[in-house]
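Here is the structure we will look at.
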């Protein structure tokens, strides 16, 4: 038997002798580590999923909406203020550098009539650039062309969900439907994005020029064509902040805002949204992890309790070991190793448990939990650390026993 | 091997003091086999604990193998115990969860590490080669004491201390134990100091020291 191996063997024999007791002792650690692993992995999974959803919107996407900017809070009266115009979009496209494409869009809710059935659906009047800017992909058919846009062609591209709702299993391509006062023809269906951040699945896209024929579009007192949003892509992601600043100053000038006035629009970048959300999720994960950590603390106290009992029960053994030449350090390290070993086993079982929970959560299909090496390493070292911390005092107690009295005890 | 000069041990009991050993002078040569006798309370166990460096005297000097050990720190004492002293107890003091072999290996644990081959040899010497994997509870009293002897001898210490080694055994097992101890003493020339209150056991020794009230009263050489 190697010198360092003996305390481990001794610890193992002790655990095997009191199976139920050892199990109950480490249960707190098992639950704590398991909960930390499960929560952290689910949190990481949720974060990764949400970020990838946001990225699918297009990482270079900027969206300008009317209304005062109240970043991080609720955007107030966004729909009530109408300040953005097609002319703004043109100005941005012409005067701001590092922008690849700009697309104004106007959203209305219109009644659609297909065959005998009526539905209300959000309709987006857009320009052809909208497709590339928003990373839209066709499932069938095609998007409308620049030429169709210019001529105000009465054509529509349907989101995946809308296509399913309106046409059931029939092929929507080439079908006609009534939208407001005009008849339009379906020329394409979009691939589903499967994300809650983009409403492209639930929307219908028509040329802005066609929407103007169906519904009278409002105008500003200056005669600008009001739109509900302008989306654009930045050609160089590193320049995003500059682009935002340039657009801001351009729009403030165009809207004749006094230097003290707030912006009457706000610019949302996908990048910014992603970092905000990932920060929020990270905080939530940490918070839940901390609550699970309380269980680890309770588990540690359990380990300390059982180690004190064990020292008491094995007083005579300590006396024997001291008579055989064990120094205080030998006894101390032996009990410390036992405590650390005990909670390490708890930690390992906890990791397996947490991993099983995260696999089960993954099976549900909502989130794909990510169990990464750093979470596992952290859980193992925390559980060993707890053993060392809470084993310190019992082991010290054991090492200080008087050998003669210890030998005399029963 | 052992030289005691004016060894005194005083225990405080409440506010009073109890003198257990009172000015003991004693020399034991290398290779001697000595019996300590005396009525209970005479201080013979306390003396044995002092000899084994489990305890330290209140006054006096103790030279073990030429080294003054009465003022050492607890860590140094532990080292001396590990290297120089083998203990045999009345109640065997084996670890119940370990096999006979593991118990013997434990005898080497704190002085240079374990060696399975030497542990097997030691068990063979005490006639337990067939029972190395038995737990103490599966062994008779005599067998347990033989395991304890193997444990004390496995590190080949110069000094063996036995505290009533036959006190918990029937007379036949007791004689067996004494036969083993005498032959080991003869073969290895180990110094052996033994506490006993049985005269027939003491007679295995060449020298009997009688204690009373913490002092040596008579000394008999056989």
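General remarks:
- All of A:204, A:247 fail the test of being at pLDDT 85 or above, surrounded by 14 or more Cβ atoms within 10 Å (Cβ to Cβ) and either out of contact with any helix residue (DSSP H, G or I) (no Cβ under 7 Å at 6 or more places or on another chain) or within 18 Å of residue A:94 (Cβ to Cβ) (or both), apart from A:247.
- Check on residue B:101, touching a helix residue (DSSP H, G or I) at 6+ places or on another chain (Cβ under 6 Å) and free of Cβ contacts under 8 Å to residues at least 40 places away in the same chain: yes
- Only one entry of A:222, A:237, A:217 meets the criterion of being more than 30 Å from residue A:180 (Cα to Cα), assigned by TED's automatic domain parsing to the domain that holds residue A:155 and modelled with pLDDT under 85, and that entry is A:237.
- Any hit, region A:290-312, residues being within 14 Å of chain B (Cβ to nearest Cβ) and within 30 Å of residue A:32 (Cβ to Cβ): yes
- Summed over region B:113-128, the residues that are more than 22 Å from residue A:326 (Cβ to Cβ) and out of contact with any helix residue (DSSP H, G or I) (no Cβ under 6 Å at 6 or more places or on another chain) give a count of 6.
Here is a yes/no grid of residues against (1) over 27 Å from residue A:284 (Cα atoms); (2) not in a helix (DSSP H, G or I):
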position	(1), (2)
A:6	yes, no
A:14	yes, no
A:29	no, no
A:34	no, no
A:38	no, no
A:49	no, no
A:52	no, no
A:58	no, yes
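- Residue that is surrounded by the most Cβ atoms within 10 Å (Cβ to Cβ) [pool: residues in region A:7-23 that are in contact with a helix residue (DSSP H, G or I) (Cβ under 6 Å, 6 or more places away or on another chain) and closer than 13 Å to residue A:343 by Cα]: A:11
- Being on the phi > 0 side of the Ramachandran plot, within 16 Å of the chain's Cα centre (by Cα) and touching a residue at least 12 places away in the same chain (Cβ under 8 Å) is a property that residue B:189 has.
- Qualifying residues in region A:31-69 (those that are touching a strand residue (DSSP E or B) at 6+ places or on another chain (Cβ under 6 Å) and modelled with pLDDT under 85) - the one surrounded by the fewest Cβ atoms within 10 Å (Cβ to Cβ): A:69
- Selection over region B:98-119 of residues that are closer than 21 Å to residue B:180 by Cβ and at the interface with chain A (Cβ under 7 Å from one of its Cβ atoms) gives a count of 3.
- Among the residues of region B:53-71, those identified as more than 16 Å from residue B:26 (Cβ to Cβ) and more than 20 Å from the chain's Cα centre (by Cα) are B:58, B:71.
- Residues that are out of contact with any helix residue (DSSP H, G or I) (no Cβ under 8 Å at 6 or more places or on another chain) and buried (at least 17 other Cβ atoms within 10 Å of the Cβ) were ranked within region A:227-242; the one that is nearest to residue A:94 (Cα to Cα) is A:229.
- Given (1) in contact with a helix residue (DSSP H, G or I) (Cβ under 7 Å, 6 or more places away or on another chain); (2) surrounded by fewer than 20 Cβ atoms within 10 Å (Cβ to Cβ), index of the condition residue A:385 fails: (1)
- Residues in region B:120-157 that are within 14 Å of residue B:180 (Cα to Cα) and free of Cβ contacts under 8 Å to residues at least 12 places away in the same chain: B:124 alone.
- Candidates in region A:327-371 are the residues that are within 12 Å of chain B (Cβ to nearest Cβ) and in contact with a helix residue (DSSP H, G or I) (Cβ under 6 Å, 6 or more places away or on another chain); of these, the one that is surrounded by the most Cβ atoms within 10 Å (Cβ to Cβ) is A:331.
- Verdict on residue A:320 being farther than 25 Å from residue A:32 by Cα, modelled with pLDDT of 90 or more and assigned to a helix (DSSP H, G or I): yes
- Qualifying residue in region B:71-87 (condition: in contact with a strand residue (DSSP E or B) (Cβ under 9 Å, 6 or more places away or on another chain), part of a loop (DSSP other than H, G, I, E, B), farther than 18 Å from residue B:177 by Cα and within 14 Å of chain A (Cβ to nearest Cβ)): no
Quick grid of which residues meet (1) assigned by TED's automatic domain parsing to the domain that holds residue A:351; (2) free of Cβ contacts under 8 Å to residues at least 60 places away in the same chain; (3) within 32 Å of the chain's Cα centre (by Cα); (4) closer than 30 Å to residue B:83 by Cβ:
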{"residue": "A:284", "(1), (2), (3), (4)": "yes, no, yes, no"}
{"residue": "A:288", "(1), (2), (3), (4)": "yes, no, yes, no"}
{"residue": "A:292", "(1), (2), (3), (4)": "yes, no, yes, no"}
{"residue": "A:298", "(1), (2), (3), (4)": "yes, no, yes, no"}
{"residue": "A:302", "(1), (2), (3), (4)": "yes, no, no, no"}
{"residue": "A:308", "(1), (2), (3), (4)": "yes, no, no, no"}
{"residue": "A:311", "(1), (2), (3), (4)": "yes, no, no, yes"}
{"residue": "A:317", "(1), (2), (3), (4)": "yes, yes, no, yes"}
{"residue": "A:320", "(1), (2), (3), (4)": "yes, no, no, yes"}
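- Scanning region B:93-120 for residues that are more than 21 Å from the chain's Cα centre (by Cα) and either modelled with pLDDT of 90 or more or in a helix (DSSP H, G or I) (or both) returns B:99, B:116, B:117, B:120.
- For the criterion of being assigned to a loop (DSSP other than H, G, I, E, B), within 12 Å of another protein chain (Cβ to nearest Cβ) and touching a helix residue (DSSP H, G or I) at 6+ places or on another chain (Cβ under 9 Å), residue B:49 fails.
The values are calculated or read from the model by the stated rules, or taken from the named source; none is laboratory data. The model shown is predicted, which means the values in this text are computed figures rather than measured ones. So basically every Cβ, Gly included, is an ideal-geometry build from the backbone, and we count neighbours across all protein chains shown.
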